[in-house]
1. Of the residues Leu126, Leu112, which is in contact (Cβ under 8 Å) with a residue 24 or more places away in the chain, outside any strand (DSSP E or B) and either exposed (fewer than 14 other Cβ atoms within 10 Å of the Cβ) or out of contact with any helix residue (DSSP H, G or I) (no Cβ under 9 Å at 6 or more places or on another chain) (or both)?
2. Within the range 59-86, take every residue that is more than 18 Å from the chain's Cα centre (by Cα) and acidic (Asp, Glu) and give me the one that is farthest from Gln23 (Cα to Cα).
3. Could you tell me whether Ile132 is assigned to a strand (DSSP E or B), aliphatic (A, V, I, L, M), in contact with a Leu (Cβ under 9 Å, 6 or more places away or on another chain) and surrounded by fewer than 17 Cβ atoms within 10 Å (Cβ to Cβ)?
Amino acid sequence: MQQMTQVLQVKALGRKLYDITPQVLQWANTQGVSTGLLTLYIQHTSASLLINENYDSDVLVDMEAFFNRLVPDGDDLFIHTVEGPDDMPAHVRAALTQTSLSIPLIEGKLALGQWQGIFLFEHRHLSATRRILMHMIGE
């Protein structure tokens, strides 16, 4: 059994979903593992990870529209506004989504479905560099 790790840094230029599938696949496919498990973990509290459709970009637009309605910026409910009106909504969005993903590796390839992609979901309006830890275990 082998274990490999790598840090993926993604420059997010504001609130939206960023397709990181190509970067993840590039690293995973060069590790020489036939069967295993890839774990992705984001080290932030105002961004998250998702597996979602990567074929029709309308899905990403609709996801953002849904979260804008569900957790609006500047809601009077929130008292944590140290970094602006999108501060606490970003934390709520992250809590409602995922900080880690587990993807099986079968016959040397990530077992993503036909239309599945891996996304960094940035919840803040400001630009930020996000760190995603990639950990693969397998043989």
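Nothing in this text is a laboratory measurement; each read-out follows from the coordinates by a stated rule. Predicted, not measured: the structure shown is a model, and the values here were computed from it. Positions of Cβ are generated from backbone atoms using ideal geometry, with glycine treated the same way; all protein chains shown enter the neighbour counts.
1. On the way: Leu112 fails: either exposed (fewer than 14 other Cβ atoms within 10 Å of the Cβ) or out of contact with any helix residue (DSSP H, G or I) (no Cβ under 9 Å at 6 or more places or on another chain) (or both).
Matching residue, one of Leu126, Leu112: Leu126.
2. Looking at residues that are more than 18 Å from the chain's Cα centre (by Cα) and acidic (Asp, Glu), I get Asp76.
3. When the stated conditions are applied, Ile132 does not pass them.
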